[in-house]
Amino acid sequence: MKLMGKTRRMLSVGLGAAALAGALTAPAQAHGHDGDRPAPAWQPTPTGTDARFRGLSAVSRSTAWVAGSKGTVLRTTDGGRTWRDVSPPGADGLEFRDVEAFDRRRAVVLAIGEGEASRVYRTEDGGTTWKESFRNPDPRAFYDCLTFFDHRHGLAVSDPVDGRYRVLSTADGGRSWKVLPAAGMPRALPGEASFAASGQCLAGSGPRDVWLATGGATTARVLHSADRGMTWTATDSAIPAGDAARGVFGLAFRDRTHGIAVGGDYRAGQPSPRAAEVTRDGGRTWFPAAAPVAAYRSGVAWLAHSRSAALAVGPTGTDATTDGGRTWRTVDTGSYDTVDCAPDGGCWAAGEKGRVARQAHGGHRGQGVLP
């Protein structure tokens, strides 16, 4: 969820595969007026703000949290019909790029930036009050994203400091944080960093496994830890890099072996070939999608309880897969930066100009583009 570099970082269900596949091959009524464009996959919800939301946490069909620019945090508990501004007091100048919510009352948000601009806040009362639980004291660090394994254990990651990614750890639900030893982290490549573009450069699955997406260097990589961030291994990605604007932007794992990565070149108008890849061995090897996403994509999410259906989003549209990421098809052309699907099947997307959307038809089988 963060764009890289000192200035460039700031620039920037169980219905499953069967229902999604049926929707993607639906007859003419599921298409636009010209007969060859998919109908919108998302139902926009009124947020009343122009903040850009790169942080999103889907709790359920009815409850979701978003976090974005100008220190903005919003929460809905009625399926997006209304949104409550629950922004931390005094956070106007911060850039929130990630939010991890445990339920309708408890959430943790991450602000990005150099030095003290990187902060973590926690609420236990639905955003009525917040406690700042971490403020970065090191001007060399720039925190990008966070993830939680459960309600207690979580990690946040900074771009490399002294040649290695820096990892924060919490064991009390984000109330306190400590920097993990750097000895178990491989050396960063020259120019390597992570992207603060969708809150998905760090992804966990199960009680101990976590993956970190990188870019900016000659080669993009995905790092994996099986012990909650103490030790890591690095694997080359199949997504092209070789430029500060290119690499892996978002990760999603449906279990500890099956994962999807998306990315590309975030600059408007630049080509993003081979911008999606899959792994079936926990990230030890990555294979490019046979039919990749249509363009740069910053966010990706598996549909709940599905072994093969997932969504990927970016500024030029939403793509869907029904075969575990091997092939993708564009199902919506709206601009979104991040996507998340809740355990009950509710999917949400968020992005620029205050845009937040949910499933157009609430997940009823056979209706709309999304299940």
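Yes or no, residue by residue, for (1) out of contact with any helix residue (DSSP H, G or I) (no Cβ under 9 Å at 6 or more places or on another chain); (2) over 25 Å from residue 322 (Cα atoms); (3) modelled with pLDDT of 50 or more:
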position	(1), (2), (3)
5	no, yes, no
8	yes, yes, no
11	yes, yes, no
28	yes, no, no
31	yes, no, no
45	yes, yes, yes
82	yes, yes, yes
85	yes, yes, yes
91	no, yes, yes
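Using the structure shown, decide if residue 258 is out of contact with any Phe, Trp or Tyr (no Cβ under 8 Å at 6 or more places or on another chain) and within 30 Å of residue 315 (Cα to Cα). Don't jump to the end; show me each part of the working.
Details: out of contact with any Phe, Trp or Tyr (no Cβ under 8 Å at 6 or more places or on another chain): yes; within 30 Å of residue 315 (Cα to Cα): yes.
Yes.
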- Item | First in segment 254-283 and in a loop (DSSP other than H, G, I, E, B), second anywhere and loosely packed, with under 14 Cβ neighbours inside 10 Å and modelled with pLDDT of 95 or more, Cβ under 7 Å, 6 or more apart | 256/206; 257/281
- Item | Identity of the residue in segment 156-167, in contact with a Lys or Arg (Cβ under 7 Å, 6 or more places away or on another chain) and of a type outside the set (Val, Ile, Thr), that ends up farthest from residue 207 (Cα to Cα) | 163
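Quick check on residue 162: is it at positive phi and exposed (fewer than 15 other Cβ atoms within 10 Å of the Cβ)? Lay out the reasoning, then the answer.
Values: at positive phi: yes; exposed (fewer than 15 other Cβ atoms within 10 Å of the Cβ): yes.
When the stated conditions are applied, residue 162 passes them.
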- Message: So for segment 244-258 (the condition being of a type in the set (Lys, Arg), surrounded by fewer than 24 Cβ atoms within 10 Å (Cβ to Cβ) and within 19 Å of the chain's Cα centre (by Cα)), does at least one residue qualify?
- Response: yes
- Query: Does segment 123-156 hold any residues that are in a strand (DSSP E or B), among the charged types (D, E, K, R) and over 23 Å from residue 211 (Cα atoms), and which are they?
  - Reply: 131, 132, 135
- Tell me which of these residue 58 doesn't satisfy, since it passes every other one: (1) buried (at least 18 other Cβ atoms within 10 Å of the Cβ); (2) at pLDDT below 50; (3) under 14 Å from residue 346 (Cα atoms); (4) small (Gly, Ala, Ser). (2)
- Task: Check off (1) at pLDDT below 95; (2) hydrophobic (A, V, I, L, M, F, W, C); (3) within 22 Å of the chain's Cα centre (by Cα); (4) assigned to a loop (DSSP other than H, G, I, E, B) for residue 17 and give me the number that stays unchecked.
- Result: (4)
- First in segment 58-82 and assigned to a loop (DSSP other than H, G, I, E, B), second anywhere and of a type in the set (A, V, I, L, M, F, W, C), Cβ under 7 Å, 6 or more apart: 59/101; 59/342; 60/342; 61/342; 72/51; 72/96; 80/356
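The values are calculated or read from the model by the stated rules, or taken from the named source; none is laboratory data. Given the structure is predicted, the values throughout are model-derived calculations rather than measurements. Cβ sites come from the backbone with ideal geometry, for glycine too, and all protein chains shown count toward neighbours.
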